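Written below as structure tokens is the structure these notes are about.
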Amino acid sequence: MTSPLRKSLVDVLVASGCEDVAEASKLASVPNNGETWTVQVLNSGKVDEQRFAIHLGQLFKTPVETLDIKSVDRTALGILPSRFVFKHHILPLKTDEKSVRLATYDVFNNVARRLAQQLVNKKIEWVLIPRSQLLRAIKTLYGVGAETFEEILQSSRALDATDERFETMDISADDPEASVVKFVNQIIREAIHERATDIHVEPLESDLRIRYRIDGILHEVAVPPQLRLLQNSILSRLKVMAHMDIAEKRLPQDGRINLHSGGDDIDVRVSTIPTVNGESISLRLLTRTEQQFGFERLDLSPKQATLVRTLLAQPNGIILVTGPTGSGKSTSLYSFLSSINSVERRIITIEEPVEYRLPGVSQIDVKPEIGLTFAQGLRHILRQDPNVVMVGEIRDFETAEIAIRAAMTGHLVFSTLHTNDAVGGITRLLDMGVEPFLLSSVVRAFIAQRLVRTICPDCKALAGYPVDYLREIGALISPDLKYYRGTGCETCRQTGYRGRAAIYEFCVVTEPLRRLVISKASGGDLKQRAILDGMETLRQDGWRRVLAGQTTVEEVVRVTQSDEIIAETDRE
């Protein structure tokens, strides 16, 4: 690199956020280790991508643009092979008879530029786009794994979904040849990169749809056109990975996959169901590596933390966490157990399945196919002299009865229920057939929870709401209060949210509430009594997150029920 160019690059780096001149000078002369200078600089994290692209464009007199996917000419995408696009990160934007407009983020990738010139055989107009924008646009326009899909259709190995060479299930590295194995690995790896908790592969009438659940919301994944051609091979590959019967397509099946990706061990729960368009497969991704459970993770308010510590200090009784699937109940229970886990306490859990390993805790995996149900396992747990027992879920009267018996004989029992709110746990147990006097005497508290998406810190901005709307939904109103929302950026996939936090509703079984339970009062009366006894509803706790600038008003309204019962109580 010549001295004048090196000096210019130092200026670019300083202007792009690398304020330390010595550091910038070092970066300006980084050795070539198989990557271009631009890639090494961006990977260093020392510069702002947007500013770096602008100043690099000014230095090399190349136009710099903000990419709008809607403005891309879809007919131009076929000018370059998708494998070339994904390998060299060069995206066709527009074409006519004489020229083609190509986008890149790397002005130093001369090899790719020469190859592009040979492939298009037209005059090329180069445009610089910030890297993250360009890479996301390529995935959106071509679809995840498009370069592999293109080769699969021409490969003799294309439909070999039963390849067992990848028995270790390490998806960090790809098969050098195009195959269904490689394509499926790319789909799973992309889901992990996007922080997805679930992958849904759903056959439609004329297409194969893939969706990721990210922060509790489903997002459709851009996939190559005509993916339906590989439907049977993709589904068979997933079933092989999960050790399922690939010949059985008429009955639902369950399986598990142990994956290794980028240093992380990932447990995948796999479920198939037969539909009119073919088998639909769902994968639940659970990261096993470096999971830390504790009160800090729950982010409770001081009042809530004090209440939970009081409940956990009880020598016996039942503490139930309620909420729908995916509301974070398991995380809360693991955090509770971790906080009381000690040499003096014997803790045993029975779960379906064991989602995370807790050091020092004996954990049992339910296996209904061999008769190891929650009720059966719980009976044997009580013979193991435990101090604390956790039951993954109370689903029936038999399990509830044994859990109650355990609490009455001096054990502290944790479990979950699927109900809409905390007080709903009372009516749910009564509906199962639990006697009111037993319920009121052994259950210490019901804890309802939901997960709200948190505002993306990279695009967080002040938001204004009409006073009438805030009053209607029960939000706090004051000129001094500030509300925030995310405007949308590359980091958060233009959603304005990144990550999730829990909101809670604690219903402690007090003496007045106990009397109402024994008299079989209605759910409305029970909730009214709980509120009078100090219970804050899910929506009220949601406002705590809103006023702390962690989430939005819309998000709290989305995941919680309106608090009509509070209004009735206030009128009284």
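The values are calculated or read from the model by the stated rules, or taken from the named source; none is laboratory data. Everything numeric here is computed off the predicted structure, so don't read it as measured data. FYI the Cβ positions are ideal-geometry reconstructions off the backbone, even for glycines, and counts take in every protein chain you see. SASA here: full protein model, heavy atoms, side chains in, ligands and nucleic acids out. Shrake-Rupley method; radii C 1.70, N 1.55, O 1.52, S 1.80 Å.
Put the Cα centre of segment 449-526 next to the Cα centre of segment 290-351 and the gap is 21 Å. Computed across segment 413-572, the Kirkwood hydrodynamic radius from all distinct Cα-Cα pairs reaches 17.2 Å.
Rounded to the nearest 0.05, what FRET efficiency do Q314 and T487 give with R0 = 60 Å and r taken as the Cβ-Cβ distance? Could you check? Write out the running numbers ahead of the final one.
Values: r = 46 Å, r/R0 = 0.77.
Once rounded, the FRET efficiency stands at 0.85.
Taking the Cα atoms only, what angle lies between the long axis of helix 110-120 and the longest principal axis of the chain, rounded to 10 degrees? Relative to the chain, helix 110-120 is tipped by roughly 80 degrees. Checking the Cα-Cα distances for K26/K182; K46/K139; K249/K367; K26/K61; K7/K94 against a 28 Å cut-off, the pairs over it are K26/K182; K7/K94.
Database remark: amide H of Q363 closer than 5 angstrom to the amide H of T349 (H placed geometrically; neighbours at sequence offset of 5 or more, or on other chains; Pro and chain starts carry no H). Put W126, W37 in order of accessible area, highest first, and with a 1.4 Å probe you get W126, W37. Look at the dipole of the chain built from charges on Cβ: of L532, P225, I381, the Cα furthest out on the positive end belongs to P225. For the chain, C18, C507 stand unpaired, since no other cysteine beta carbon lies under 4.7 Å from theirs.
Which translational diffusion coefficient, to the nearest whole µm²/s, is obtained for the chain from the Stokes-Einstein equation, given a Kirkwood hydrodynamic radius over C-alpha pairs, 4 °C and 1.567 mPa s? Write down the numbers at each step before the final one.
On the way: Rh = 27.4 Å.
Rounded, D is 47 µm²/s.
In the neighborhood of R428, defined by Cβ-to-Cβ distances under 13 Å, what is the net charge if each Lys or Arg adds +1 and each Asp or Glu adds -1? Intermediate results must be reported in sequence, preceding the final value.
Working: positive: R395; negative: E393, D396, D421, D431.
Net local charge, R428 excluded: -3.
Taking amide H positions as modeled 1.01 Å from N, with prolines and chain starts lacking one, no residue 5 or more places away or on another chain lies under 5 Å from E279. Which residues in segment 99-117 have a backbone N closer than 11 Å to a point placed 7 Å from the Cα of K61 along the Cα-to-Cβ line? So the set is empty, nothing qualifies. Partner aspartates and glutamates whose Cα lies under 20 Å from the Cα of K123, excluding those fewer than 8 positions away in the same chain, are identified as E65, D73, D96, E97, D106. Output the 0 to 90 degree angle, nearest 10, between the alpha-carbon long axis of helix 538-547 and the longest principal axis computed from the alpha carbons of the chain. That works out to roughly 40 degrees.
For G488, the residues whose modelled amide H falls within less than 5 Å of its own, excluding neighbours fewer than 5 places apart on the same chain, are G496.
Hey, how much of the P(r) for segment 314-420 falls beyond 20 Å, as a percent of Cα pairs? Write down the numbers at each step before the final one.
Values: 1842 of 5671 pairs.
The share of Cα pairs beyond 20 Å in segment 314-420 comes to 32 percent.
Note on segment 398-445: percent of Cα-Cα distances in each 10 Å bin, starting at 0 and stopping at the bin with the largest distance, equals 25, 63, 11. Along the charge dipole of the chain, pointing to its positive end and built from +1/-1 on Cβ of Lys, Arg, Asp and Glu, which listed residue (L119, L337, G474) has its Cα farthest out? Working it through, the farthest residue towards the positive pole turns out to be L119. For the chain, the residue among L300, T495, F86 whose Cα projects farthest onto the positive side of the dipole built from Cβ charges is F86. Taking the square roots of five times each eigenvalue of the Cα gyration tensor of segment 240-319, the equivalent ellipsoid has semi-axes of 39, 18, 11 Å, listed largest first. Computed 3J(HN,Hα) for segment 77-91, one whole-Hz value per residue from the Karplus formula 6.51 cos²θ - 1.76 cosθ + 1.60 where θ = phi - 60°, is 5, x, 5, 10, x, 4, 4, 5, 4, 6, 6, 9, 6, 10, 10, glycine and proline marked x.
Between R346 and L119, what length in nm is gained on full extension when 0.36 nm per residue of separation is reduced by their alpha carbon distance? Each step should come with its number before you reach the end.
Working: separation 227, 0.36 × 227 = 81.72 nm, distance 6.79 nm.
Stretched out fully, the R346 to L119 stretch lengthens by 74.9 nm.
For the chain, a crude dipole built from +1 on the beta carbon of Lys and Arg and -1 on the beta carbon of Asp and Glu, taken about the Cα centre, is about 840 debye to the nearest 20.
How much of the calculated P(r) for segment 347-476 lies past 21 Å, in percent of all Cα pairs?
Roughly 53 percent, rounded to a whole number.
Over the chain, dividing the summed -39,500 (n - 2.57) contributions of all DSSP H runs of at least 4 residues by the number of residues returns a 222 nm mean residue ellipticity of -10500 deg cm²/dmol. In terms of the mean number of neighbouring beta-carbon atoms within 10 Å, the peptides 42-50, 502-510, 489-497 order highest first as 502-510, 489-497, 42-50. A simple spin-label model places pseudo-atoms 7 Å from Cα toward Cβ; at A548 and N387 they are separated by 3.0 nm.
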